[in-house]
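One structure is given below, encoded as structure tokens.
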Amino acid sequence: MGRGRQIRSLGERPEAGEITGLLQDWAEGNEETHTQLMELIYGELCRLASSRLRQERSDHTLQTSALVHEAYLRLLGQKQVSWQDRGHFFAMAARMMRRILVNHARDRVCAKRGGGVEHLPLEESVCLPMDRPEECIAVDEALGALAAVHPQQAKVVELRYFGGLNRDEIGESLGLSRPTIARRLRVARIWLYRYLHGES
Amino acid sequence: MTDSPSTEPDPDWDKLWSIFHDALEIEESERAAWVADACGDNGELEGRIEELLASHVATDHVLDRPPVFDELGPDGQFKAGQRVGVYRILEHLGEGGMGAVYLAEQLEPVQRRVALKVIKFGMDTREVVARFQRERQALAMMSHPNIAVALDAGATAEGRPYFAMELVEGVPFTTYCDSHRLSVRQRLELFRDVCKGVHHAHQKGIVHRDLKPSNALITHQEGVPIPKVIDFGVAKAMDPAGGEIGQLTSAGGRVGTPDYMSPEQRQGAEGDIDTRSDIYSLGVFLFEILTGVLPHRSRERASASTSARATEGDSPTTSALLSRLEVSEAEEAARLRSTSRDRLTRELKGDLDWIVAKAMAAGREFRYSSSAELAADIDRFLNLEPVLAGPPSAFYRFRKLVLRNRLAFAVAAVAGTLTLVLGIGLLVSSVRLHWALSIAEEENRRAEAVTDFLIESFEVSDPSSSHGRTVTAREVLDRGSARIDEGLASEPELRLRLMEVIATVYSKLGLSQSSIGHLERIVEERRRQSSADPLELGASLHALGAELARSGSFGPADQVLREALALRRQGGDGQMLDIAATLHQLGTLSLRSGNLAEADRLLTEALALRQTQANPNHGEVAQSLNNLGALRLAEGKLEAAADFQRRALELRRAEFGLVHPTVAASSNNLGRALDRMGETEAAASLYHQALDIWKETLGPDHPHLASPLSNLANLYFSQHEVELALEFSQRAVAIQEVALGEDHPTTLKVRHNRGEMLLRSGQIDLAEPVLWEILAAERRVLPDQHPQLASTLVMLGYLLELRGRYSDGEESVREALEIRISALPKGHRQIGEAQLILGRNLVRQERFEEGEELLLACRTIFVDFHGPDHERSRESAKQLAVLYGAWGRFEDQELWRGRASG
């Protein structure tokens, strides 16, 4: 991995097309581009989340799927992109979305524990409306445990829960059929339920 | 099978999952039967599948709840019960241009109901909240039956800005008046109260910026209607700083409501908006409640044309507008005012027309100078007295009046400046007195030159400038300073003297750096003069040293004063009083930098010189006694301190009479000594005496009042009368802010004390923004090494530590410690204080070695200074015990715990 690489700051926009090249590089086995891609997507998602919050719109929604799709459009544009590239992108976006959400949830929980009235919750770079930050962290941890036994199922949940992707998009990302995705989601659902409710 | 969450061998495993997945494809109503059928006679398998199905369809599954949500419901509103910051939404009250208003309940730190105004997106929330925070303190000081202020601002989970406001249960002004068919007189009575509320805010420096009838609610208290102006603090926070033109609100307009905006506000020049802009809005307000329509109603109301029209300033009069209305409309307006159309027209014609016109004058210099003046004119109208406002033809006379007043102002200002100079001369040293008097004794030509110079300087400034006296005076001085350079090149001595005057006034305004700059130039020029009189140079050096000392540059001050002293000593016996003055300054400086032995030597010598004069100046002797008293106080020799102060007080009473400013000063200082001795009752009485005398001799707003007010605040604080203490300290802050400006060093000191009280009374949430503001101001105003800056940094460091922000806290205290180490003598107890706090912080960060070093160092300082049994010595021992406990060095822990408990 390219440790010494200069990481782009959050405000800086990647150049159009840059990411397609990176995706192809990576698909061709250049592992170094992986980190770079992740940072690009992470930055774009953060930027989008903050800017969406600043705009006024009556139909305002802030769903993770909307963010991921908007990031996709911004980073890849209307270019013809192979389905593998598209799938890779979604997989990475979901992973980054998870990172953003969990970080944010942790900050929120910390702030709560820190006590006192929070006058300026805007100090964080991204401000996300979260009802139950503890739950988000719990899912993250449960997914970690699930990944240890069934990495494929954990991946599906990550794409669904954190990435907000639908089954077709999940299928594209993982190269699996729709029924397989449905089955994996069902099993993961049961597994998560039991894990989180303390059953084996 | 990779899809199954178990690895144990199970004969039914594959079948289990296969049936489970298939079952989910079946309609729910038929599912159970289908499963039973598929399992055949395997009852155990059927049970397990049913369990799986139950977990799968569990209703409260995390995966059915996306991690982020929309805080607004489908109707675009918050739901009842929803939390916004520390508030809980109870009810949606209504929609305004900028957002929605809710009835909400504040949950902490106090429980109360508030009105919560949530602004739509479209503004930079962080900026809005920051702007609000800047005004917060001023808002908190407002208290008037006719106004309701914004209490808090923050951001919702999604980042919408919101304001929590004092809840007013009432109806908008116009609605109330119309539904009760209030007469013109009744409306005016209510409007007058609106003006009074607005005036109160203006006195605190708060401009509303969005005054209109819908922002004045009428409430009923014991059957009496009371108007309350709401939204104070909101518009300013919403308006972008610097007045960027084109910054629009979500409603598509500039902040404020175009119909009520003054021309200057509509033009969007931020620096130009002052209290008179509110007066204009009040004029429109009055127009509307009298006639039922807005002044510009008869014309096109497109924003561009309104803008142009208002600048022209030809608003129609109320009565003229009434005659322009459709008959039915005018009759309706009259009906709502319980009168007839003709009567209404007659009632409005004349005085009321003029009052409205004066309030709404396009040129703000023609408007009422204050909201109180407008209220007074309404009163005059109601009492059938002639009103101040006159018909347009009287503008000429009015202008004359203004011009006359301006001249009077200029004369008063010159007199004021000279008095100021004389006053400072008295207070600082006899040298200054000689200078000041010598200005007066200059030959006629020169005296005239000085007077002309001052008058011209004052004339170029605008006395009604919005930003308070400090800025205006500063402008005058800056201009004056430039004029001296240009105009008086041929009069070097006069030029130097005027520069001295300017330097003194800069100093009085707290603009130390400008003052020092001038004094340095004076010293430089005197050094350059071939015919230099060493005594003149000594005098200039003395003045420079005094100013450097005042600004906290103790090192340079000491050096300069010592040079002055040497020059004056060479002057021989004739200079005894001047020598004493410099000795006094040096001694005071040593006292302030904590070098008490040196201070003792110098102050005692100064006193001796002053006392042994054939004809001693009792004022100066008292000054020496006073500072020696302060020295004894610093040494902790309280009896001796009280003794000196008592002598000073008696001397001053004998010399100046019972009611004299210096008598107040001595009362105040004696009070401090007694206060420290625990004689709080006597102390409080002396403080109150000082307060009364100063109030009588200097006026109720004089900055000197801040000292006894602060002392009373501290006294009450030490008696745990926190509320009373905070009230007194608030008065002290208010006085200083008005008299000297927010950023004057003296104001900063008082604000600083208030911040400390908030912090020490545990009101951390209130203290934090205050301390950050103070820090920012101190960084702007004070020199980098100023002890007060260090003290603020220590407090902030402590607060951040309380907040668990250890590394931020560390940074803050470390900076303080560095300042103190370089500015104070080795072993000063304030160095110990900073070390104590920093050490404790490091212990929390488990950086034991660094912490140990600091705590041991401060322990040494405290024991040397106070002795081992003092509270600070014990506190440092206690922290050392904590340190060793956390470090696992339990023997040391025991040892220090023993020392901590004595």
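Quick look at the values:
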| read-out | value |
| --- | --- |
| FRET efficiency for B:GLU891 and B:HIS688, using Cβ-Cβ distance with R0 set to 45 Å, rounded to 0.05 | 0.25 |
| B:LEU596, B:LEU53 arranged by Cβ crowding within 10 Å, fewest neighbours leading | B:LEU596, B:LEU53 |
| Ranked list, fewest to most other Cβ atoms within 10 Å of each Cβ, for B:HIS518, A:HIS34, B:HIS744 | A:HIS34, B:HIS744, B:HIS518 |
| Residues A:ASP25, B:ASP210, B:ASP351, B:ASP784, sorted so that the one with the fewest Cβ neighbours within 10 Å comes first | B:ASP784, A:ASP25, B:ASP351, B:ASP210 |
| Other protein chain Cβ atoms within 10 Å, averaged over every residue that makes up B:18-24 | 2 |
| Sites B:GLU650 and B:ARG601 - FRET efficiency at Förster radius 35 Å, r taken between beta-carbons, to 0.05 | 0.90 |
| A:GLU28/A:GLU141 FRET efficiency (R0 30 Å; Cβ-Cβ; nearest 0.05) | 0.30 |
| Across B:LYS204/B:LYS695; B:LYS236/B:LYS695; B:LYS79/B:LYS228; B:LYS204/B:LYS637, pairs whose alpha-carbon gap is larger than 31 Å | B:LYS236/B:LYS695; B:LYS204/B:LYS637 |
| Virtual spin-label span in nm between A:ASP168 and B:GLU723, 7 Å along Cα→Cβ | 6.7 |
| Label-point separation in nm, B:ALA372 to B:GLU681, each point 7 Å along Cα→Cβ | 3.8 |
| Amide H within-cut-off set for B:ARG889, under 5 Å, with H built and near neighbours excluded | none |
| DSSP-assigned coil residues among GluC sites (Glu not before Pro) in the range B:752-860, each with at most 14 further Cβ atoms within 10 Å | B:GLU846 |
| Rg to Rh quotient for the range B:528-659, alpha carbon positions, Kirkwood Rh | 1.00 |
| Estimated distance in nm for a label pair at A:THR35 and B:GLN529, the labels positioned 7 Å out from Cα along Cα-to-Cβ | 7.1 |
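Bear in mind that the values in this text are calculations on the coordinates, not laboratory data. Since we're looking at a predicted model, the values are computed, not measured. Every residue, glycine among them, receives a Cβ derived from its backbone with ideal geometry; neighbour counts consider all protein chains shown.
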